[in-house]
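Let me begin by presenting the structure, written as structure tokens, before commenting on it.
Read-outs: derived from the displayed coordinates by stated rules, not from any lab. Only a predicted model underlies this, so the values are computations on that prediction, with no experimental measurement involved. Please note: Cβ atoms are built from the backbone with ideal geometry, for glycine as well, and neighbour counts cover all protein chains shown.
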Amino acid sequence: MPTYSLDLWTPQVPTVDQHPHFRGLRNETATRGCLDRWTDGFVDIDNDFVPKFQRSFSPQFWELYLHAMFKSLGFKPTRPKAHPDFLLNAPQGVIVAEAKVTEAGPGQTPEWTNKSQVPFDADQYREMATSKLSGAVKGKINSYRKYSAEPHVKDRPFLLCLAPFDHPWFIVQHARSMWRVLYQYDQPMFHVSDSGNMIETGHKRVESFTTHSGSQVPLGYFLDPANADVSAVFFNPRATLSKIFSDPLREHHKEERVFASWYMVSTGMFARQDVHPSNYRETLADGGYLLQNPYATKPIEPEPFFNQGVTVFSFDPTARRMTARTPEPFLFERTTCNERKY
């Protein structure tokens, strides 16, 4: 049996304080094995990762996912100091990477709540998601600038890695909220030509919005040259617990199913899958988005991400036009079903 640097599963916090996902996964040997493999080479620099994982779960799950995902891209993630979360030894050179998740706040419904108990309003959820992602981007940029002049960080590309774990319906997120936060880009506008083709003529622009509490949420971080020190954002709303169903070493149970929708660029259609996990595969990066800063002083080479299933967004701030490079197939949605639902 292989040994790993972290023992995630021996309880270090009282049962009453354990996160529901941790309590459930402790009894699922196959799933535990996948997460254990994600820890291979992961360094607990502050010596407090395991109790945080058992108590908070989502931020630490995201860090473990990123560690494994970066390795799958051919990067060599290290954690030499408390900040940043990762230094990535990539083909282009060392990249600085920080991890951040959005979560439900006080009085809000936590993401582990059964979705059948929570009504879904798409517009209301998009507003909440945009507000939370905007706050996460602002907070992480400010945090980064407190140490960005240190020798191991200075003059290196900076990648901000975000994931939403903020609501029971967080799995419906795609890139639209991030478009708003980074580019002030909302839904595109189209013109139908005489031949019946749809031609994008522009997009709905959202510079800011006011929340129900009266707070003003600014948007368009990547339209401000003052943020040129931020190279790109990696965002993957498909990096949920069901990502583990694609692990080829995971032992499967007969009652499990994976439901996936893959976008086919060549046809503009979706290929649907309804399969047993043993017949399903996706890369760790599949379903992700790399959103590039047009003003970045240290751009990030997108090819390693694109080659592993990540859609790459670029934005022209003068023409106010967004370009997407989408691999084929692209993982648009994926859910799973067994005795638990992720």
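Which entries of K132/K243; K81/K140; K71/K154 have Cα-Cα distances beyond 19 Å here? With Cα atoms farther than 19 Å apart: K132/K243; K71/K154.
Relative to the current alpha-carbon distance between L249 and C337, full extension at 0.36 nm per residue lengthens the span by 29.8 nm.
Bridging of K254 to aspartates and glutamates at a Cα separation below 19 Å is possible for E28, D274, E339, once same-chain residues fewer than 8 apart are set aside. In sequence order, the range 215-227 has phi-based couplings of 7, 8, 9, x, 10, x, 4, 8, 9, 9, x, 5, 9 Hz under the Karplus curve 6.51 cos²θ - 1.76 cosθ + 1.60, θ = phi - 60°, and Gly or Pro positions carry x.
Here the Karplus relation 6.51 cos²θ - 1.76 cosθ + 1.60, evaluated at θ = phi - 60°, turns the backbone of the range 33-47 into coupling constants of x, 5, 5, 4, 5, 5, 7, 4, x, 6, 9, 8, 5, 9, 6 Hz, with x for every Gly and Pro.
Anyone know which of T130, T109, T31 comes out most mobile in the 10 Å Cα GNM of the chain? In the Gaussian network model the winner is T109.
Each label point was placed 7 Å from the Cα along the Cα-to-Cβ direction; for A30 and A228 their separation is 5.2 nm. DSSP beta bridges fully contained in the chain are about 75 percent antiparallel. Residues whose amide H falls under 5 Å from that of A285, counting only those 5 or more places apart or on a different chain, are absent, with hydrogens built in the peptide plane. Grab the beta carbon distance between F259 and K204, set R0 = 35 Å, and tell me the FRET efficiency rounded to 0.05. Working from the Cβ atoms, E equals 0.70. With each run of n ≥ 4 DSSP H residues scored as -39500 (n - 2.57), what mean residue ellipticity at 222 nm is computed for the chain after dividing by its residue count and rounding to the nearest 500 deg cm²/dmol? Computed ellipticity for the chain at 222 nm equals -6500 deg cm²/dmol. What does the net charge come to around V217 if you take all other residues with beta carbon closer than 14 Å to its beta carbon, with K and R at +1 and D and E at -1? Local net charge: +1. Modelled spin-label separation between D155 and Q117, with each label point placed 7 Å from Cα along the Cα-to-Cβ direction: 5.5 nm. Taking amide H as placed 1.01 Å from N in the peptide plane, H203 has its amide H under 5 Å from the amide H of M189, each at least 5 places away in sequence or on another chain. From the list (1) 19.0, 55; (2) 20.0, 61; (3) 20.0, 67, can you say which value of Rg and Dmax of the Cα atoms in Å was derived from the structure given? Matching the structure shown: (3). Applying 1/(1 + (r/R0)^6) with R0 = 35 Å to the Cβ-Cβ distance of I45 and R320 gives a FRET efficiency near 0.25. In order along the range 118-124, the phi-based Karplus estimate (6.51 cos²θ - 1.76 cosθ + 1.60, θ = phi - 60°) of 3J(HN,Hα) comes to 10, x, 10, 10, 4, 5, 5 Hz; Gly and Pro are listed as x.
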